[in-house]
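Enquirer: Before anything else, here's the structure in question.
The values are calculated or read from the model by the stated rules, or taken from the named source; none is laboratory data. Since we're looking at a predicted model, the values are computed, not measured. Cβ placement follows ideal geometry from the backbone for every residue including glycine, while neighbour counts extend to all protein chains displayed. With ligands, DNA and RNA removed, areas are computed over all heavy atoms of the protein, side chains included. Shrake-Rupley method; radii C 1.70, N 1.55, O 1.52, S 1.80 Å.
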Amino acid sequence: MLTHPLHDSTIETARLHALQSYGILDTPPEEGFDQLVQLAAQLCQCPMAVVNFVDGERQWFKAAIGMPFKTSPRALALCAHALSGSGEPLVVPDATLHPTLADNPLVRAQPHIRLYACVPLLTEDGHALGTLAVFDRVARTLLPEQITALQMLAAQVMDKLEHRRQKVTLQALVHDRENMHAAL
């Protein structure tokens, strides 16, 4: 079934609006996100793991282990493939054999990604903001319990993101209140 281009752009516009509402892009590292990435890498026994967010132009890593860069163009982002799907985990045991990933420079050259597994980071409205992903330079699969662990960690990333947004909102309200009191 083909989708109408306007429908696709409307969905993408809503997704980008949802991403912007979290104010997460280009923020400094935060220990909580770093810990979740470390745990994902350890549980899946992968040398690379990321929490990333994908805007209209790029993929940006909030937390990363083993990645030689902090951002990449959206066109190169393996995780961009998980943004418009069902929200289910995506596991690619060998990216060199995958029809849409095999020609990606991240597969063909450094860091030579083979195993790619991600869980979309979904808002309550179902918008995928990015992913929690793990990568390996060796073709292999993950155990079902490792995939379940990634899903639980992705839920924790979203809880942390939502908590962070609420904290920023409260700080802004307190600041506004203080300004109003000072004006009176």
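Enquirer: Tell me, what is the per residue accessible area of the stretch 123-166 in Å², probe radius 1.4 Å?
Expert: Values: 2220 Å² over 44 residues.
Value returned for the stretch 123-166: 50 Å² of accessible area per residue.
Enquirer: May I pose another question? Assigning unit charges at the beta carbon (Lys, Arg +1; Asp, Glu -1) and nothing else, what dipole magnitude in debye, to the nearest 20, does the chain show about its Cα centre? If you can, show how the numbers build up before the last one.
Expert: Numbers: 14 positive and 19 negative charges, 78 e Å.
Charge dipole, the chain, about its Cα centre: 380 debye, nearest 20.
Enquirer: Compute the relative contact order of the stretch 76-184 as a whole-number percentage, counting only Cα pairs closer than 8 Å that sit 6 or more residues apart in sequence. If you can, show how the numbers build up before the last one.
Expert: Working: 149 pairs, mean separation 25.8, N = 109.
Once divided by the residue count of the stretch 76-184, the mean separation gives 24 percent.
Enquirer: Sticking with this structure for a sec: With θ set to phi - 60° and the Karplus curve 6.51 cos²θ - 1.76 cosθ + 1.60, what are the ³J(HN,Hα) couplings of the stretch 23-28 in order, to the nearest whole Hz, using x for Gly and Pro?
Expert: x, 9, 4, 6, 8, x
Enquirer: In Å and from the alpha-carbon atoms only, list the Rg and Dmax of the chain.
Expert: Cα-based Rg and Dmax for the chain come out at 17.8, 67 Å.
Enquirer: Tell me the angle of helix 31-44 to the major Cα principal axis of the chain, expressed in degrees between 0 and 90 and rounded to the nearest ten.
Expert: 20 degrees
Enquirer: Something else about it: What Kirkwood Rh does the stretch 1-85 have if only Cα atoms enter the pairwise 1/r average? Answer in Å.
Expert: On the way: mean 1/r = 0.0705 Å⁻¹.
So the Kirkwood estimate lands at 14.2 Å.
Enquirer: Ranking request for peptides 23-34, 42-53, 105-116: highest mean number of other beta-carbon atoms within 10 Å first, then the rest in descending order.
Expert: Details: 23-34: 13.8, 42-53: 21.7, 105-116: 17.2.
In decreasing order of mean packing, 23-34, 42-53, 105-116 become 42-53, 105-116, 23-34.
Enquirer: Taking the solvent-accessible surface of protein heavy atoms with a 1.4 Å probe, what is the per residue accessible area of the stretch 1-85 in Å²? Don't skip to the answer; put the middle values down first.
Expert: Working: 4470 Å² over 85 residues.
Per residue, the stretch 1-85 has 53 Å² of solvent-accessible surface.
Enquirer: OK, next. From the phi angles alone, apply the Karplus equation (6.51, -1.76, 1.60; θ = phi - 60°) to the stretch 145-162 and give each ³J(HN,Hα) in whole Hz, x where the residue is Gly or Pro.
Expert: After applying 6.51 cos²θ - 1.76 cosθ + 1.60, I find 5, 6, 5, 4, 4, 4, 5, 5, 5, 4, 5, 5, 4, 5, 4, 5, 5, 5 Hz.
Enquirer: Express the carbon and sulfur contribution to the solvent-accessible surface of the chain as a percent, rounded to the nearest whole number, probe 1.4 angstrom. Mind showing how you got there, number by number?
Expert: Working: 5980 of 10210 Å².
C and S atoms contribute 59 percent here.
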